[in-house]
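Let me begin by presenting the structure, written as structure tokens, before commenting on it.
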Amino acid sequence: MQEKTHLKSLDWNELQDFTKQAGQKAFRSKQLYQWMHKQLVCSFDEMTNLSKDFREALKKDCILCSAKTVKQQISSDGTNKFLMELSDGNHIESVLMKYKHGNSVCISTQAGCRMGCRFCASTVGGLIRSLQPSELLDQVYEIQRITGERVSNVILMGIGEPLDNYENVMKFIRMLSDEHGLNISQRNITLSTCGLVKQMERLAEEALTITLAVSLHAPNDIIRREMMPVANQYPIQEIMESCRNYIRKTNRRVTFEYSMVEGKNDSPKEAGELSSLLKGMNCHVNLIPLNPVEGRLGQRSKRNHIEVFKKILEKNHINVTIRREMGRDIDAACGQLRNKQREAANGRII
């Protein structure tokens with residue numbers, strides 16, 4: 001049985017080839033692209049300016065919408081968390097965060113994750129598979145459809161490691177920022193990685209204007225290896241050199257994500273080490289009060305410890321902020337909602 005085509009995974013040029021091979025006139029590709037990427041329809045029957053025969057052929061051979069919301073949680077602060085089911089039955093999470101400057105959506109890039117970070121719920125159960133460009137786009141489109149509100153910022157920081165799904169993620173970024181689609185500026189797209197150096201080197205050559213965020217979480221290899229297994233493959237100094245190379249090639253500032261874990265990485269000593277590590281670099285540090293996850297590493301740092309840590313970085317001329325906490329009352333930590341769904345499916349009491 002022939003596998004169905006994920007129609008939204010075809011970029012502008014590929015869709016033109018697709019419609020030509022289907023025996024359709026050239027202008028049909030533009031109509032089809034606009035229905036998918038501007039009108040955000042989820043049914044071929046809504047594509048009223050396409051012939052009935054063409055629509056029936058598309059229904060038979062193609063998948064139009066590949067991510068459907070099965071559960072939505074709304075926080076008291078306005079944050080929305082979505083559990084979405086993919087066409088093969090796997091589940092992922094996406095989050096809508098509302099700010100004065102616009103709506104930001106944090107999306108997943110994989111079903112599961114194989115990076116194994118000890119404080120993260122996303123890695124529980126390991127990696128099932130990577131997502132296709134259509135499944136990345138549909139997270140954004142689904143949220144726009146449900147809320148009726150424009151998404152202006154997209155963050156690849158949900159379940160999975162984006163650079164472990166390199167080709168699909170690069171295609172997604174270009175399609176999301178394409179003038180024929182939502183046309184979201186690449187400057188409003190953030191990609192987060194735990195530090196896959198080889199892929200970071202490739203990313204620096206892509207001529208993109210996105211923001212690179214590196215999940216650092218420690219100022220030295222000893223602490224980082226305890227928190228993140230990937231540190232056994234890529235030492236901090238290699239990551240720093242890759243970041244400096246990225247800054248040189250793109251002229252873009254790098255963000256360092258730093259989850260604050262009580263008694264693990266939050267002392268003045270570690271703040272001083274981090275300041276020395278980042279000295280002179282065009283960067284920004286985002287201090288993250290840890291969302292504790294049952295069975296995972298550590299508890300969140302005390303607020304006064306985070307404030308002291310921040311002041312030490314500022315004293316050393318490091319640009320730093322403390323991430324605003326959002327959605328703590330709705331399974332805020334990435335992967336928590338998906339894990340509850342998996343446990344329920346396996347017959348466990350949750």
J(HN,Hα) series, region 120-127, from Karplus relation 6.51 cos²θ - 1.76 cosθ + 1.60, nearest Hz, glycine and proline x: 10, 7, 5, 8, 4, x, x, 8
Integer Hz, Karplus 6.51/-1.76/1.60 couplings in order for region 138-144, x for Gly and Pro: 5, 5, 5, 5, 4, 5, 5
Based on DSSP H runs of at least 4 residues, each adding -39500 (n - 2.57), what is the mean residue ellipticity at 222 nm of the chain after dividing by all its residues, to the nearest 500 deg cm²/dmol? -10500 deg cm²/dmol
Could you list H101, H6, H91 so that the one with the fewest beta carbons within 10 Å of its beta carbon is first and the one with the most is last? H101, H6, H91
Under a 5 Å amide H to amide H cut-off, with H placed in plane at 1.01 Å, what residues pair with K71 once short-range neighbours are removed? L83
In the neighbourhood of N265 defined by beta carbon distances under 14 Å, the net charge of the other residues (Lys, Arg +1; Asp, Glu -1) is +1
Could you give me the ³J(HN,Hα) list for region 14-28, computed from phi with Karplus coefficients 6.51, -1.76, 1.60 and θ = phi - 60°, whole Hz, x at Gly and Pro? 5, 5, 4, 5, 4, 5, 5, 5, 7, x, 9, 5, 4, 5, 5
Around L58 (Cβ within 14 Å, Cβ-to-Cβ, excluding L58; K/R +1, D/E -1) the net charge comes to +2
For N49 paired with D178, estimate the spin-label separation in nm (one decimal), with each label point 7 Å from Cα along the Cα-to-Cβ line. 1.7 nm
Counting only other residues whose beta carbon sits under 13 Å from that of F172, what net charge do I get with K and R as +1, D and E as -1? -3
Based only on other Cβ atoms within 10 Å, what is the fewest-to-most ordering of S51, S104? S51, S104
Give me, ordered by chain and number, the residues 5 or more places off V261 or on other chains with an amide H under 5 Å from its own placed amide H. D266, S301
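Rounded if a/c is under 1.5, else prolate if a/b beats b/c, else oblate: with a ≥ b ≥ c from the C-alpha gyration tensor eigenvalues square-rooted, which is region 5-63?
rounded
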For a protection proxy built on the mean count of beta-carbon atoms within 10 angstrom, sort 154-160, 283-289 highest first, please. 154-160, 283-289
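Read the figures in this text as sums done on the coordinates, not as results from a lab. This one's a predicted model, so the numbers in the text were calculated from it and none came from an experiment. Glycine also receives a Cβ, built like all others from the backbone with ideal geometry; neighbour counts cover every protein chain displayed.
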